[in-house]
Amino acid sequence: DVKVTQSSRYLVKRTGEKVFLECVQDMDHENMFWYRQDPGLGLRLIYFSYDVKMKEKGDIPEGYSVSREKKERFSLILESASTNQTSMYLCASSSSGISGNTIYFGEGSWLTVV
Amino acid sequence: GENVEQHPSTLSVQEGDSAVIKCTYSDSASNYFPWYKQELGKRPQLIIDIRSNVGEKKDQRIAVTLNKTAKHFSLHITETQPEDSAVYFCAARISFGNEKLTFGTGTRLTIIP
């Protein structure tokens with residue numbers, strides 16, 4: 001079974017703190033994603049990566065950055081957390097293919113910024 | 001970019017009845033349409049998908065239909081059961097070779113015993 005592991009399930013951080021959300025996948029997938037889930041807004045893509053050291057902005061990248069130094073690990077960074085970044089963050093991965101491949105999600109990280 | 005609209009946002013059906021969730025997409029280049037189910041407190045998981053060269057796909061009580069001309073696709077669940085209660089997300093892949101998925105806003109389905 002594909003395993004996408006998010007190391008922190010629940011975090012509470014103060015406004016202005018730097019926050020790291022870590023994600024590891026064990027299936028040698030090329031693609032990794034960070035989504036944000038908010039009620040009524042669905043899953044919105046923050047950043048994605050097709051390969052090591054590669055990153056592309058998604059639909060809502062403002063206030064976030066990412067790092068992919070190793071193929072299995074994709075980190076989401078909030079340089080200076082703000083209360084409007086309180087949300088559920090979902091990491092995901094998939095293999096590359098010409099006709100679409102399943103995206104596998106992690107369990108999610110609940111972040112509260114106070 | 002791609003835009004996916006999903007309706008309804010909430011849906012309640014009697015156990016044993018059918019449920020239908022509809023999505024529309026904007027980019028005619030989209031060629032892959034998965035559906036994800038998210039149970040309370042759990043991760044979204046793929047339940048069925050359809051590619052643009054197929055009009056319908058069925059897996060036991062779940063089916064998905066695709067109308068490329070109208071740019072809409074639907075999820076059909078027959079003989080609903082309590083364990084079908086969840087949030088369902090549709091998604092569309094924007095272009096050939098691009099793995100980025102755009103998701104709809106989700107439908108909370110409640111099965112009434």
**Study point:** Loop GluC sites (Glu not before Pro), the range B:1-110, which have at most 12 other Cβ atoms in a 10 Å radius of their Cβ (DSSP)
**Key:** B:GLU79
Check your understanding: A:SER8: net charge of surrounding residues, Cβ under 12 Å, Lys/Arg +1, Asp/Glu -1, itself excluded?
Key -> 0
**Study point:** Computed over chain B: relative contact order in percent, which uses C-alpha pairs under 8 Å that are six or more apart
**Key:** 37 percent
Review point. Given R₀ = 22 Å, FRET efficiency for A:GLU22-B:LEU40 by Cβ-Cβ distance, to 0.05?
Key: 0.35
Review point. Dipole size in debye (nearest 20) for the protein assembly as shown around its Cα centre, Lys and Arg Cβ +1, Asp and Glu Cβ -1?
Key: 360 debye
Check your understanding: So, counting K/R as plus one and D/E as minus one, what does the shell of residues with Cβ under 11 Å around B:HIS72 add up to?
Key -> +2
Revision key, fill the gap. Around A:SER80 (Cβ within 14 Å, Cβ-to-Cβ, excluding A:SER80; K/R +1, D/E -1) the net charge comes to 0
Check your understanding: Which GluC sites (Glu not before Pro) does the range A:72-114 hold that lie in a coil by DSSP with at most 10 other beta carbons within 10 Å?
Key -> none
Review point. Of A:SER82, A:MET32, A:SER93, which is farthest along the charge dipole of the range A:12-114 in the positive direction, counting Lys and Arg as +1 and Asp and Glu as -1 at C-beta?
Key: A:SER82
Check your understanding: Once the principal axes of the Cα atoms of chain A are found, what is the range along each, listed largest first in whole angstroms?
Key -> 42, 30, 25
**Study point:** In range of the label at B:THR78: residues from the range B:47-66 whose backbone nitrogen is under 14 Å from the point 7 Å along Cα→Cβ
**Key:** B:57-65
**Study point:** Dimensions (Å) - the protein assembly as shown, Cα atoms, principal axes, largest first
**Key:** 49, 39, 32
**Study point:** Candidate aspartates and glutamates - alpha carbon under 20 Å from B:LYS68, same-chain residues fewer than 8 apart omitted
**Key:** B:GLU2, B:GLU5, B:ASP27, B:ASP49, B:GLU56, B:GLU99
Check your understanding: Roughly speaking, what is the centre-to-centre gap between the range A:48-102 and the range B:28-86 when only Cα atoms are used, to the nearest Å?
Key -> 25 Å
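Every number here is computed from the coordinates shown, using simple stated rules; none is lab data. All values derive from a computational prediction rather than experimental measurement. Glycine also receives a Cβ, built like all others from the backbone with ideal geometry; neighbour counts cover every protein chain displayed.
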